[in-house]
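S.K.: The structure is given below, and queries will be raised subsequently.
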């Protein structure tokens, strides 16, 4: 999982054309449906300026690049995908894992949680669940109801450092 910056635009300009216009000023990591992704904030600022001048700039987001284990129908409300990867808007999501509970308790809790689940991913055989960050109290309620223990993680502890 890596942190990236996504410049959201109304443009559908291909990356090759954009790279021609901007030359060596910016390195674009990936693009998809009007989102241009960079690894560095400075590059995102250059893109912001470029698209603002064209009146095509919408917003800049901090996003996470990850290989998801599963995606639900809610995924598209919280992220997008390109041909290379899945991306999630970091400001809207929370990650947790189930750290205690019997197999039966875990299965019942997951069955309930699936309704609010955006996606899942694994790190070192540990399953992580991604939800809307506004649903954290609900997950704690499920935790109590199904007698399991959950642990929420701060993003910086899960991110790969480049």
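For every residue, the table says whether it meets (1) in contact with a helix residue (DSSP H, G or I) (Cβ under 7 Å, 6 or more places away or on another chain); (2) under 22 Å from residue 127 (Cα atoms).
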{"residue": "50", "(1), (2)": "yes, no"}
{"residue": "54", "(1), (2)": "no, no"}
{"residue": "65", "(1), (2)": "no, yes"}
{"residue": "75", "(1), (2)": "no, yes"}
{"residue": "86", "(1), (2)": "no, yes"}
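S.K.: Scan region 110-119 for residues that are in contact with a helix residue (DSSP H, G or I) (Cβ under 7 Å, 6 or more places away or on another chain) and buried (at least 19 other Cβ atoms within 10 Å of the Cβ) and report the count.
M.R.: Of the residues in that region, 3 qualify.
S.K.: If we keep just the residues of region 29-48 that are under 15 Å from residue 12 (Cβ atoms) and out of contact with any helix residue (DSSP H, G or I) (no Cβ under 9 Å at 6 or more places or on another chain), which is surrounded by the fewest Cβ atoms within 10 Å (Cβ to Cβ)?
M.R.: So, considering only residues that are under 15 Å from residue 12 (Cβ atoms) and out of contact with any helix residue (DSSP H, G or I) (no Cβ under 9 Å at 6 or more places or on another chain), the one surrounded by the fewest Cβ atoms within 10 Å (Cβ to Cβ) is 33.
S.K.: Which residues, counting only those in region 43-85, are over 13 Å from residue 6 (Cα atoms), modelled with pLDDT of 90 or more, over 12 Å from the mean Cα position of the chain (by Cα) and assigned to a helix (DSSP H, G or I)?
M.R.: 49, 52
S.K.: While we're looking at this one, here's another question. With (1) more than 17 Å from residue 152 (Cβ to Cβ); (2) crowded, with 17+ Cβ neighbours inside 10 Å; (3) not assigned by TED's automatic domain parsing to the domain that holds residue 148 as the list, and residue 55 as the residue in question, which single condition is left unmet?
M.R.: Every listed condition holds for residue 55 apart from (2).
S.K.: Oh, and also: Tell me the residue from 71, 122, 135, 107 that is out of contact with any helix residue (DSSP H, G or I) (no Cβ under 9 Å at 6 or more places or on another chain) and buried (at least 18 other Cβ atoms within 10 Å of the Cβ), please.
M.R.: 71
S.K.: Hey, another quick one. Test each condition in (1) touching a residue at least 40 places away in the same chain (Cβ under 8 Å); (2) buried (at least 18 other Cβ atoms within 10 Å of the Cβ); (3) touching a helix residue (DSSP H, G or I) at 6+ places or on another chain (Cβ under 7 Å) for residue 92 and report the one that comes out false.
M.R.: (2)
The values are calculated or read from the model by the stated rules, or taken from the named source; none is laboratory data. Everything numeric in this text was worked out from a predicted model, so none of it was measured. We place every Cβ from the backbone using ideal geometry, glycine too, and count neighbours over all the protein chains shown.
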